[in-house]
Structure formats: C-alpha cells, structure tokens
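Sharing a structure here in structure tokens format.
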C-alpha cells in the first residue's frame, strides 16, 4: 500500500496468481504454467495384459521427458443440479403414469444419495512450468504513490513462455495419445473456474457460475509494453 494512497488490499494480493492470459497462468514469482487436463482409464476393467501395456507406455512417456512436469489429481464434490433438472424436465414430458412414477423414484434416490453422502469426482491434470529469466516489477517511486506491486513486463514473459511451453505441450499430447487417453489444454475461462473451485472448495457449482474472464485476468497494457 502506497504512502499517499488509501487503496484497499484486495483478495488478489493474497493469491499466488499474478495473471491468467493466453491460456497460461503467471505466478507472482515469474513462473508461467500451462495446464493440461486428461481423461481417465478404468484400470480395473482392463485385462492383466492391457494393464501391463498401459504401465509400460506410461513409463515410456516419463522416460521420454526432458523437462519438468507435475501430475495433479483433484477430488471435488460433484454438482448433480443440471442432471436432476434434466430428469425433472424429462418427467414433465411423459404421458405414462408408470414411467413418471419410476422417474420420481429415481429422483428421490439421487436426492437421498447426495444428501446422505458426498458424490466425489476426480479430475487429472498435467502442469508444465516455465521459469522466466527476467521479471520487472513496479518501481519504488510508483509504489510510494500507491501503485500496487506487480509484474510489469507480462507480455514479454508470456510470449517467451509460449515458445518454450508449446513444444513440451505437443510432446505430452502425443505421448498420451499413444496411451489412448484424451488430453486438452485449459483455456482462460476453464483456468479461472479451476482455480476458483480450488481456492473456494466448500462451494459446488463453479461450472455453472457466470464468470467473466476479464474480471479475473488482466488484459490491460503492461506499463512497459502494450499487449
């Protein structure tokens, strides 16, 4: 907080995230991360030979890496609101009393299930980090006059990170495709929703929130370089 400023400290000042832009995450220490979400394989349903093959392919993928990679497993409560709403809508379209009754029984089962216990869902992520060589921050004079301390050469950092991260991302895509596992890079909005759910895990339904990406990411011109 500046000496001549009455500006309030925002929640963002306490987060490790500096910015989310161009489908990348910039942390306050200058690191840039690319986040990939992967599909899942029901390992128990595979035969022993298929399990061994998957393990060997995963080991081969790890051995092929010449860069850092973090595997993150996120367990979160499932939000069945949309599913229940579809069942209610489907029930209202039926003419058969017997079918309506069966749907009502199933709806009650779902409600009891979610009331008595948590329905959990697992999501799997690959995070590829990139360390920025040069980070410029708000000058001391501007800090004195109330400017928040932040990274000022964000565009240059993002541009350089893309050059280094994209080949690594493509390599991971290729390796997971060999294993028959779908992968996709999270975009700005998906990243905002992901971190929202992680920082506020007690609330479910983050997928249904109307989050305007521009409210949570910075698309303003950097102090030294325009976007």
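Tell me, 90, 124, 158 in order of fewest to most beta-carbon neighbours within 10 Å?
Fewest to most other Cβ atoms nearby, the residues stand as 90, 124, 158.
Fewest Cβ neighbours within 10 Å first, please rank 88, 32, 192 accordingly.
Arranged by neighbour count, lowest to highest, 88, 32, 192 become 88, 192, 32.
Most exposed first by the Cβ proxy, i.e. fewest other Cβ within 10 Å, how do 126, 163, 20 rank?
Least crowded to most crowded, the residues run 163, 126, 20.
Calculate, in nm to one decimal, what residue 122 and residue 174 gain on full extension: separation in residues at 0.36 nm each, minus their alpha carbon distance.
16.4 nm
Could you give the length gained on full extension between residue 89 and residue 184, defined as 0.36 nm per residue of separation minus the Cα-Cα distance, in nm?
31.0 nm
Where a number appears in this text, it was derived from the coordinates with a stated rule and is not lab data. Keep in mind it's a predicted model, so treat the numbers as computed, not measured. All Cβ positions, even for glycine, are placed from backbone atoms using ideal geometry, and neighbour counts span all protein chains on display.
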